2 protein chains.
Amino acid sequence: MAYAIGLDFGTNSVRCLIVDVTNGGELGTAVYGYETGHEGIILDSSDHNLARQNPADYIKGLEVSIKKAISEAKKANEDFDASRIIGIGIDTTGSTPIPVDKDGTPLGMLDEFKDNPNAQAWLWKDHTGYAEAAEITELAAKEHPEYLAKCGGTYSSEWFFSKILHCLRTDPKVFDAAYSWVECADFVPAVLTGITAPEAIKRSRCASGHKAMFANDWGGLPAKEFLAKLDPKLGELRDRLYDKTDTIDVAAGKLTQQLAEKLALPAGIPVAVGAFDAHLGGVGSGIAPGKLVKIIGTSTCDMIVSEPGQQLPDVPGICGIVDGSILPGVYGLEAGQSAVGDIFNWFVNYIEPGGKSQGSHEALTDKAAKLKPGQSGLLALDWNNGNRTILVDQRLTGLLIGQTLHTKPEEIYRALIEATAFGALTIINRVEEYGVKVTEVINCGGIAEKNPLIMQIYADVTGREMKISRSAQSCALGAAIAGAVVAGKKTGGYDNCPDAQAAMCGVKETTFEPITENHKVYRQLYALYKQLHDAFGLESFSGKMANVMKELLDIKDKANV
Amino acid sequence: MAYAIGLDFGTNSVRCLIVDVTNGGELGTAVYGYETGHEGIILDSSDHNLARQNPADYIKGLEVSIKKAISEAKKANEDFDASRIIGIGIDTTGSTPIPVDKDGTPLGMLDEFKDNPNAQAWLWKDHTGYAEAAEITELAAKEHPEYLAKCGGTYSSEWFFSKILHCLRTDPKVFDAAYSWVECADFVPAVLTGITAPEAIKRSRCASGHKAMFANDWGGLPAKEFLAKLDPKLGELRDRLYDKTDTIDVAAGKLTQQLAEKLALPAGIPVAVGAFDAHLGGVGSGIAPGKLVKIIGTSTCDMIVSEPGQQLPDVPGICGIVDGSILPGVYGLEAGQSAVGDIFNWFVNYIEPGGKSQGSHEALTDKAAKLKPGQSGLLALDWNNGNRTILVDQRLTGLLIGQTLHTKPEEIYRALIEATAFGALTIINRVEEYGVKVTEVINCGGIAEKNPLIMQIYADVTGREMKISRSAQSCALGAAIAGAVVAGKKTGGYDNCPDAQAAMCGVKETTFEPITENHKVYRQLYALYKQLHDAFGLESFSGKMANVMKELLDIKDKANV
């Protein structure tokens, strides 16, 4: 009997999950909500782009949640023995960079900067660096198009260098005080292992490859001259960042004596290099070559890996293709839809058709389930929050077509579900076109678990069986798998991820098979979806419709000044 | 002091209005709801295309409503004297043809046929003849394109010959028993004047020109050989129809002694030739060269006339261009939008955002009024019920674009209002392109009177002042004007329509001026509306989007089989 700990640092809270490494059984879990700011996020009412976090919350969070999860595990299993915990893995949000001093202490934890949000963790959804993102994209397009080719052609305001450059431009005092910057995914293992000096911290392949343009092809991070052209000081910073990254099967170090005592854990157990939540969610859902993992929530993350030894071309519109970012030894591909559950939530919460009760998810789902594919004559695009994959364009918006004088709310609701399914199919088709096979689809997240109609429509639209991951905590489970792998077989863990996944992951018994006649109708509807998709989404469309959504947004922006 | 009677035969009821011819003052009015069928319409639960009416209801209706209106006028004005009524005018729905025997008696009023809906009046919105309409369109396109050029390129299932041919094909017994067919607009004057023999009835220029392809250019009705190719019996019927039509300034005859006694009216007063409701609504609203009259209800009718002596080309997409159909001596142009109020009703009644109270017209209008043009980022097409002018295509559907995760119901409501305004502007632009000036816009109908927001948006979108017709009963007022004109100046009436209109019509004091900054934004939005309009509405669009709505409807039709 051996256990591993998975720590899942989310947007509002951290979850600790204790897992039986022999079968993936979940023994105890606990959640700690970050204390600083609004639901753990430091906001600025005068700038809706700003979203920061207090790094001290991460430290307190890991301590509180581990303690509580152990106590839960003990409550639930009288023979639970914390001394059998053999390793710890970590997943976090990202890109969530933190400015740190020479010792690796976050500037926000120093008295001098404690009230300055720029000295805190820059949460993934902070968009203050949008202008800098455009600047980086423009320079890279001109001088190093290869940097962009692996991240979908556009460097995002959510990513590492956009945030750091924005800090440099707007708060040079913080920038100058920062000896280096570390991702949250690197910071947590550093705290656990006590290896906090920026030069010594093992950096996450996943975080750097997806968000910091890191690739061995061009010698790691973007060239010093490139960064210096954005700003000489950014060029200088590169020397204080890193040249090497590691995958999740590598130990970042060992748990410190001090924390082991404090948390009643065995001292010296290995702590895995961190990775992003969705990527370890993929691992926890059993990702493997050919197995697409869809994490479906307010938005989706679609995780795919290449075959071992397969060389991948750039895949247009796929935001990240990084060697070892999900599973060591194969390319990880990260795709996603900017809104899925959020679109249904919009319809229910903002439009609320027929009022609260008639317009609930449950009521609309019940009625929508009675409709046949195609019966409403409606078709929608799933772009209410832009399109991440495959168009990589935030300035796209929703579209609904086919309304008559008799169109009912449940027909629109179903059309919105179908739209997200068509968006999902578009991602599958794109990666397959470029040689990445998708032979199995494993879904996880609340929507996948709770809404069989959505899963059936996804099966009918894609013509593929939809499976559901067995664990409801697939990110934390993935982190625990990393913990079991860095522990190794000799201590009761595993020597590699696939072995650990084989033992610790699974899918639910109920799966959703495509219904042939529905799939037939959806093939026709998908052709029309793709026609609208290309017309409104691609500059290259012959009919020149791609201006419409953009111009509407321009007019809207002006009207709202 | 002299009075005229206007009789307005609507879809569910007939209204009688007694008007002071000196100033248009409305002295008394009464409505009679037809008794047969559902709200006056004979329906068939197995065929939703069928809509018929009992001609006996028209006869009873005119008697009851005239009597009641006189009694109302007496109640309201103690010096009212019915002997000063100098003329009667009539407007009706159409095309609403009635099969009649040699004496002009509707077959449905004969014992033999009284239970056969095919022997009754075929109400304007009966669509049973859709296949025959397509057949007529096809033959005319091949052999007589000029027949179609004046009616927008497509002969409608709502029109005269579609209905008669459908009767011939499906109920030859009725067809064979019919000596002739008369429009409702011709039948009512026939009843009032006692001139009921089909050869003797004066036929409405308006009805025949707009719905029966009548034009003096090709010798009246379509050629006998043309009709005979559709069916030899239809060719034979042509000899029993008519070769001459008249405008509303011509008397159909004089009120019979019998009816005068029954209704306590002066015997022998002239009865004007009938016309369609919308056309006389134009007259009652003060239509004149340059003055567009918009009758805004669930749908709109847009009425325009040419300059005297102006020769008009065919105007693509304008369903009717008929010499004298509205005002004698000038061309009448009939355009319209298939749904206006009906689109707002759909959103309120079917979507009911936030429930009954929050989702009412009043609540949504209040909130929508607070929005600035362009602020929502939304744009809609007003095609939920197809597009009449300028695309003449029933198989078009709605479209909404620009939704985000924060789009609110009032934003959609306003976008729908704006869409109908853009549709209205498209009609104005089209007639102006072809040389018909629009220097003034007069609105009438419930929406125009009750919703200042809509009128302001129409002003802002079109960049034109919106005026509201003074009378809430502009169709009946237009009919009364015809009555005053056939009475002539010698009896206290007028010698022509413009003189009568100058005295009897007017607009309300409150008008709606365009707000410059709003118009500026709407010009930008209209460019995008027109782009979507052409892309989805025109086969000739380079980007080939015109298939989308059609294919969705095809898929829908199949799914609903």
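The set of residues from region A:541-561 being at the interface with chain B (Cβ under 10 Å from one of its Cβ atoms), touching a Gly at 6+ places or on another chain (Cβ under 7 Å) and aliphatic (A, V, I, L, M) comprises A:Met545, A:Met549, A:Leu552, A:Leu553, A:Ile555, A:Ala559.
Residues considered: A:Leu165, A:Leu192. Of these, the only one that is touching a strand residue (DSSP E or B) at 6+ places or on another chain (Cβ under 9 Å) and not assigned by TED's automatic domain parsing to the domain that holds A:Gln311 is A:Leu192.
Per this entry, B:Arg205 is not counted among residues that are open to solvent by 50 Å² or more (accessible area, probe 1.4 Å) and charged (D, E, K, R).
Applying the criterion of being in contact (Cβ under 8 Å) with a residue 12 or more places away in the chain and over 14 Å from B:Gly89 (Cβ atoms) to the residues of region B:3-25, the residue that is surrounded by the most Cβ atoms within 10 Å (Cβ to Cβ) is B:Asp20. It is to be established whether one or more residues within region A:243-252 are acidic (Asp, Glu), in contact with a helix residue (DSSP H, G or I) (Cβ under 6 Å, 6 or more places away or on another chain) and assigned by TED's automatic domain parsing to the domain that holds A:Thr420. Taking every residue of region A:243-252 in turn, none turns out to be acidic (Asp, Glu), in contact with a helix residue (DSSP H, G or I) (Cβ under 6 Å, 6 or more places away or on another chain) and assigned by TED's automatic domain parsing to the domain that holds A:Thr420. Let me spell it out: the conditions are (1) part of a loop (DSSP other than H, G, I, E, B); (2) under 19 Å from A:Leu391 (Cβ atoms), and A:Gln311 meets all of them except one. Which number is the exception? All conditions are met except number (2). Checking each residue in region A:504-523 for being among the hydroxyl-bearing types (Ser, Thr, Tyr), surrounded by 15 or more Cβ atoms within 10 Å (Cβ to Cβ) and more than 11 Å from chain B (Cβ to nearest Cβ) picks out only A:Thr511.
In region B:415-438, the qualifying residues are those that are over 22 Å from B:Trp346 (Cα atoms) and of a type in the set (Asp, Glu), and the one that is least open to solvent (accessible area, probe 1.4 Å) is B:Glu432.
Taking region A:372-389 as the region of interest, how many residues are without any contact (Cβ under 8 Å) to a residue 60 or more places away in the chain and of a type in the set (A, V, I, L, M, F, W, C)? Final tally of qualifying residues: 2. Filtered by the rule that a residue be away from every other protein chain (no Cβ under 11 Å) and either touching a strand residue (DSSP E or B) at 6+ places or on another chain (Cβ under 8 Å) or open to solvent by less than 10 Å² (accessible area, probe 1.4 Å) (or both), region A:374-393 gives A:Asn387, A:Arg388, A:Thr389, A:Ile390, A:Asp393. Filtering A:Gly253, A:Gly284, A:Gly309, A:Gly290 for residues that are open to solvent by 50 Å² or more (accessible area, probe 1.4 Å) and farther than 30 Å from A:His166 by Cα leaves a single hit, A:Gly309.
Residues that are under 26 Å from B:Ser376 (Cβ atoms), in the same structural domain as B:Asp342 (by TED's automatic domain parsing), of a type outside the set (Val, Ile, Thr) and at pLDDT below 95 do occur in region B:543-560, at least one of them. When B:Ala472, B:Ala479 are checked against the criterion of being open to solvent by less than 10 Å² (accessible area, probe 1.4 Å) and either of a type in the set (A, V, I, L, M, F, W, C) or not assigned by TED's automatic domain parsing to the domain that holds B:Ser83 (or both), B:Ala479 stands alone in meeting it. Sort out which residues of region B:256-273 are touching a strand residue (DSSP E or B) at 6+ places or on another chain (Cβ under 7 Å) and open to solvent by 10 Å² or more (accessible area, probe 1.4 Å), and write them in order of number. Of everything in region B:256-273, those that are touching a strand residue (DSSP E or B) at 6+ places or on another chain (Cβ under 7 Å) and open to solvent by 10 Å² or more (accessible area, probe 1.4 Å) turn out to be B:Leu265, B:Pro266, B:Gly268, B:Ile269, B:Pro270. Among residues of region A:333-355 being open to solvent by 10 Å² or more (accessible area, probe 1.4 Å) and at the interface with another protein chain (Cβ under 8 Å from one of its Cβ atoms), the one that is farthest from the chain's Cα centre (by Cα) is A:Gly354.
Looking at the structure I just gave you, is A:Val486 among the β-branched types (Val, Ile, Thr), open to solvent by 40 Å² or more (accessible area, probe 1.4 Å), more than 10 Å from chain B (Cβ to nearest Cβ) and closer than 30 Å to A:Pro328 by Cβ? No, not satisfied.
In region A:524-540 there is no residue matching the filter, namely being in a helix (DSSP H, G or I) and away from chain B (no Cβ under 14 Å).
Going by the conditions given, is A:Lys437 more than 21 Å from A:Asp277 (Cα to Cα) and without any contact (Cβ under 8 Å) to a residue 24 or more places away in the chain? Against the criterion (more than 21 Å from A:Asp277 (Cα to Cα) and without any contact (Cβ under 8 Å) to a residue 24 or more places away in the chain), A:Lys437 does not qualify.
So that you can scan it fast, the table gives a plain yes or no per residue for (1) touching a His at 6+ places or on another chain (Cβ under 6 Å); (2) among the hydrophobic types (A, V, I, L, M, F, W, C); (3) more than 14 Å from chain B (Cβ to nearest Cβ):
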position	(1), (2), (3)
A:Val315	no, yes, yes
A:Cys319	no, yes, yes
A:Pro328	no, no, yes
A:Tyr331	no, no, yes
A:Ser357	no, no, no
A:His361	no, no, yes
A:Lys372	no, no, no
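Here B:Phe512 does not qualify as in contact with an Asp or Glu (Cβ under 7 Å, 6 or more places away or on another chain) and at pLDDT below 95. Residues in region A:216-237 include at least one that is open to solvent by less than 20 Å² (accessible area, probe 1.4 Å) and under 18 Å from A:Gly332 (Cβ atoms). Is it the case that region B:120-131 has a residue that's open to solvent by 10 Å² or more (accessible area, probe 1.4 Å) and free of Cβ contacts under 8 Å to residues at least 60 places away in the same chain? Yes, because at least one residue in region B:120-131 is open to solvent by 10 Å² or more (accessible area, probe 1.4 Å) and free of Cβ contacts under 8 Å to residues at least 60 places away in the same chain.
Tallying residues that are open to solvent by 40 Å² or more (accessible area, probe 1.4 Å), of a type outside the set (A, V, I, L, M) and under 29 Å from the mean Cα position of the chain (by Cα) within region A:535-553 yields 2.
Suppose we keep only residues that are closer than 18 Å to B:Asn216 by Cα and surrounded by 18 or more Cβ atoms within 10 Å (Cβ to Cβ) within region B:134-147. Which one would you say is farthest from the chain's Cα centre (by Cα)? Per the stated criteria, the residue is B:Ala140.
The values are calculated or read from the model by the stated rules, or taken from the named source; none is laboratory data. Owing to the predicted nature of the structure, the values given are computational and were not obtained by experimental measurement. Note: ideal-geometry Cβ built from the backbone for every residue, glycine included; neighbour counts use all protein chains shown. We work out accessible area using only protein heavy atoms, side chains counted, and drop any ligands, DNA or RNA first. Shrake-Rupley method; radii C 1.70, N 1.55, O 1.52, S 1.80 Å.
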